[in-house]
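Asker: Structure in structure tokens, see below.
The values are calculated or read from the model by the stated rules, or taken from the named source; none is laboratory data. None of the values given here were measured: they were computed from a predicted structure. With ideal geometry, Cβ positions are generated from the backbone for all residues, glycine too; neighbour counts draw on all protein chains shown. Heads up: the accessible areas ignore ligands, DNA and RNA and are worked out on the full protein's heavy atoms, side chains in. Shrake-Rupley method; radii C 1.70, N 1.55, O 1.52, S 1.80 Å.
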Amino acid sequence: MYAVIFGKNPALSRSEFHSFARRFDLKVRTLESSRYWLLFDSSSEVERYFNRLGGSLKLVRIIGEGEDAIGDLEYARLFTVSLYGKNDWRLWRKLGSAVKKEFRAEGPSKFFKPAKVYAMPAELILKGFPETKDFVFIFRDDGSFWVGETVKVTDPFELKKLDVERPVQRPILSIPPRLARIMVNLTEVRKGNFLDPFCGIGTVVQEFVLQGLSSYGSDRDPERIRDAKKNLAWLRKEFRLKNSAHLEVCDARKLKRCFRQRFDAVVTEPYLGKPLKRNPSRGEAIRLANELDRLYYPVFESFGDVLKRNGRVVFVFPAYRLSGGGIYRKERKWLGKLGFEVVGRYTDHEERHKLVRDIHVLRYRG
């Protein structure tokens, strides 16, 4: 039995996790869930593939339920405690002391207590204190709880490296590596040809290559293709990879002129419009979305020329945080007319953002 702890966008992380489980045929069976965590049964294969997730923080192996389960924890000389579902400093210290007391008979142990932190940061496990065990207490609303041990954590250093250490960076315009990984999982496609037709400096294509996929990218701007090639050369050297990607200068509206093969999945964030200086009104948001659809419609026509039947598309449409409150997300009935079925929609944004990513997962019926 396991639990997964979701990241800063729990709804998107939950959807990614279920898509990830189907993608790798992990046969996950949900037992309990809350907004920030999911308890499930699965084989130990989930540990092998956990590093492919972009939106989850930790994988926890469940030891048992209630205070009695503390006695079943495996001894650690140095440990910390993470609480989910409770935000109580005194309870955090109390549970840490209870664990230390249980370990007393087996040998000396230290309860590592970073000041005023209830959940053990992954950085401390991965870098500063790799020998530290992280014991996890997951609380239900009624106060009862599960006890477990963290067995896998998302590597924040890898994601940061993929973003800020590559030779070419575009901090405002580039998609975060975390989100690129999430979007690849949302395809539910494990093997095959993957294309990003708005590849820019290559963030999504980097993820294709890291996962050993048959990787393709294109952009209408030759300079962006040169940038993507520089970043891919760096990626191959830093991560000691043998595979790479095929990149083309190509207009996304004319893909069949550039690619002869058919693709199993398209994953991309297109041009989303000029940066907004202020939150738009509803009328302004409708106008902005309609203007961009003049680009997106022929792009999806072009997708139909290069996708396999039942191929998947994960595509970021723009949505807008309105000046009067709320978010405007356009319904695009024309997708169905072009043979695309929307199977999922998710938003990704922060409170300060005027532009909201409206992530669509689509199946091409052909």
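Asker: Using a 1.4 Å probe over the heavy atoms of the protein chains, calculate the carbon and sulfur portion of the accessible area of the chain as a whole percent.
Answerer: Solvent-exposed carbon and sulfur of the chain make up 47 percent of the total.
Asker: Taking a label point 7 Å from the Cα of ARG329 along the Cα→Cβ vector, which residues of the stretch 178-208 have an amide N closer than 20 Å to it?
Answerer: Within reach of a label on ARG329, which here means backbone N under 20 Å from a point 7 Å along Cα→Cβ, the stretch 178-208 contributes 179-188.
Asker: Near the amide H of LEU57, under 5 Å away, which other amide H atoms are found, from residues 5 or more places off or on another chain, if H is placed in the peptide plane?
Answerer: ILE5, PHE6, GLY7
Asker: Let me ask something additional. What percent does the relative contact order of the chain come to when contacts are Cα pairs within less than 8 Å and at least six residues apart?
Answerer: 13 percent.
Asker: For the stretch 204-235 and the stretch 154-195, write down the distance between their C-alpha centroids in whole Å.
Answerer: Distance between centres, Cα-based: 11 Å.
Asker: Could you tell me what percent of the DSSP beta bridges with both partners in the chain are antiparallel, to the nearest 5?
Answerer: If I count the DSSP bridges inside the chain, around 65 percent turn out antiparallel.
Asker: I'd like the isolated cysteines in the chain, meaning no second cysteine's beta-carbon lies under 4.7 angstrom from theirs.
Answerer: Lacking a cysteine Cβ partner under 4.7 Å: CYS199.
Asker: Also: If you find the alpha carbon centre of the stretch 292-339 and of the stretch 245-265, how far apart are they in angstrom?
Answerer: Cα centroid to Cα centroid, the span is 18 Å.
Asker: Sum up the charges of everything whose Cβ sits under 10 Å from the Cβ of ASN310, counting Lys and Arg as +1 and Asp and Glu as -1, but leave ASN310 out.
Answerer: So the environment of ASN310 carries a net charge of +3.
Asker: Enter the accessible area per residue of the chain (Å², integer; probe 1.4 Å; all protein chains in place).
Answerer: 49
Asker: For GLY64, list long-range residues whose amide hydrogen, built 1.01 Å from N in the peptide plane, is under 5 Å from its own amide hydrogen.
Answerer: Here the answer is VAL147, since their amide H atoms fall under 5 Å of that of GLY64.
Asker: Something else about it: Where Lys and Arg each count +1 and Asp and Glu each count -1, what net charge lies around PHE145 among other residues with Cβ under 13 Å from its Cβ?
Answerer: So the surrounding residues net to -4.
Asker: What is the distance, in nm, between label points placed 7 Å from the Cα along the Cα-to-Cβ direction at ASP68 and at ARG140?
Answerer: The two pseudo-label positions are separated by 1.5 nm.
Asker: Just to check I understand the Karplus step: with θ = phi - 60° and J = 6.51 cos²θ - 1.76 cosθ + 1.60, what whole-Hz values come out for the stretch 342-353, glycine and proline as x?
Answerer: After applying 6.51 cos²θ - 1.76 cosθ + 1.60, I find 7, 10, x, 9, 9, 9, 9, 6, 10, 4, 7, 6 Hz.
Asker: Order of 77-85, 310-318 by packing, highest average Cβ count within 10 Å first?
Answerer: 310-318, 77-85
Asker: 5 Å is the cut-off here: which amide hydrogens, built 1.01 Å from N in the peptide plane, fall below it relative to GLY344, excluding neighbours closer than 5 in sequence?
Answerer: VAL361
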